[in-house]
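**Student:** My questions all concern the structure below.
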Amino acid sequence: GYTPTELCRLSVEDLIPAAMRQGHASMRRSALNSDDVVLRMRGGPFPVVRKDSSVIQADISLGLTSFEGQQMVVVSLADVTARMAAAEKQRRLEAELQQVGKMQALGTMASGVAHYFNNMLAVVMGNLEMLQGTSVSSDGVARPIHDMLSATRRAAELVRQILAFSRQGPSPRTVIDVADLVDEAVRMLRPVTAAGITISVHVIGSVPHSAGDSTQLHRVLV
């Protein structure tokens, strides 16, 4: 941002962020006493202050030479701010892609486990339903059988929700009872929510039905 004339009136430290000036002066003196023909700023890009007081990141190379009997330094400075921003954006995108991959793998695993668990629940539920219709159910165990069957049905419903949540591809558009869908999502979340976290739901008035993809809306809520 400086003109050559303006730049010649400045000291090197005028181009260094204020918090780094003292340390830079010491480093510069040490560099000038070095026998290296070419020096390069170590530690990666270096902050440089522009005329408008903004700070850019620059790669800096220093070459020692002599001119008319004086020791001089030839400076090569390249603004790499945009390159660093692009690299950081690329790093974030790669991290996001890795996370997406992990979530897809987790969804596939959850689907497989849910199917396997669903088969076991079907056996338990079938046996409990048969027990309800036998004389055993009248011998003081009718209530425990009923409670076990209710718990098994709730578990089966949770498995159904997991399968719907992990299903790939679009679901058919249907008429959605939004309030019921919210309640279903909360019932799914509460058992797996960390201790100390409370989920509070406040449904105001009559929530109208909506036409859409219930699985996708369920994912959004979760």
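The values are calculated or read from the model by the stated rules, or taken from the named source; none is laboratory data. Computed from a predicted structure; not experimentally measured. Every residue, glycine among them, receives a Cβ derived from its backbone with ideal geometry; neighbour counts consider all protein chains shown. With ligands, DNA and RNA removed, areas are computed over all heavy atoms of the protein, side chains included. Shrake-Rupley method; radii C 1.70, N 1.55, O 1.52, S 1.80 Å.
**Student:** Please build a GNM for the chain, connecting alpha carbons under 10 Å apart, and tell me which residue among Ala19, Ala179, Ala155 fluctuates the most.
**Tutor:** Ala19
**Student:** Turning to a different aspect of this structure: When all C-alpha to C-alpha distances in region 75-118 are sorted into bins of 10 Å, what percent of pairs does each bin hold, rounded to whole numbers?
**Tutor:** All Cα pairs considered, the percentages come to 24, 25, 19, 15, 10, 5, 2, 0.
**Student:** Let me check I've understood the local charge: for Ser150, count other residues with C-beta under 11 angstrom from its C-beta, Lys and Arg +1, Asp and Glu -1. What total comes out?
**Tutor:** Numbers: positive: Arg143, Arg153, Arg154; negative: Asp147, Glu157.
Combined, the nearby Lys, Arg, Asp and Glu give +1.
**Student:** Restricting the calculation to Cα positions, tell me the Rg (one decimal) and the Dmax (whole number) of region 88-209 in Å.
**Tutor:** Expressed in Å, the Cα Rg and Dmax of region 88-209 come to 19.8, 70.
**Student:** Moving on. Given the whole protein assembly as supplied and a 1.4 Å probe, what does the accessible area of Ile16 come to in Å², nearest 10?
**Tutor:** Ile16 exposes around 10 Å² with every protein chain in place.
**Student:** While we're looking at this one, here's another question. Looking only at Ser111, Ser66, Ser150, which one moves most when the chain is put into a Gaussian network model with springs between Cα atoms under 10 Å?
**Tutor:** Highest fluctuation of the listed residues: Ser66.
**Student:** Build a GNM of the chain with springs between Cα atoms under 10 Å: which of Glu88, Glu157, Glu13 gets the top mean-square fluctuation?
**Tutor:** Of Glu88, Glu157, Glu13, the most mobile in the Gaussian network model is Glu13.
**Student:** For region 62-154, just the Cα atoms, rotate onto the principal axes and tell me the three extents in Å, largest first.
**Tutor:** Computed over region 62-154, the largest-to-smallest principal extents equal 114, 21, 16 Å.
**Student:** Turning to a different aspect of this structure: Quick check: with the 1.4 Å probe, what order do Phe46, Phe117, Phe67 take by accessible area, largest first? All intermediate terms of the calculation are to be shown ahead of the outcome.
**Tutor:** Working: Phe46 25, Phe117 90, Phe67 120 Å².
Sorted descending by solvent-accessible area, the residues read Phe67, Phe117, Phe46.
**Student:** How are the C-alpha pair distances of the chain spread across 10 Å bins, as whole percents from the shortest bin up?
**Tutor:** 6, 18, 17, 12, 9, 11, 12, 8, 5, 2, 0, 0
**Student:** Tell me, what is the percent relative contact order of the chain, built from C-alpha pairs under 8 Å that lie six or more residues apart? Walk me through the numbers on the way to the answer.
**Tutor:** Working: 190 pairs, mean separation 27.4, N = 222.
Relative contact order of the chain: 12 percent.
**Student:** Another question, then. With every protein chain present, what accessible area does Asp183 have (1.4 Å probe, heavy atoms only), rounded to the nearest 10 Å²?
**Tutor:** 80
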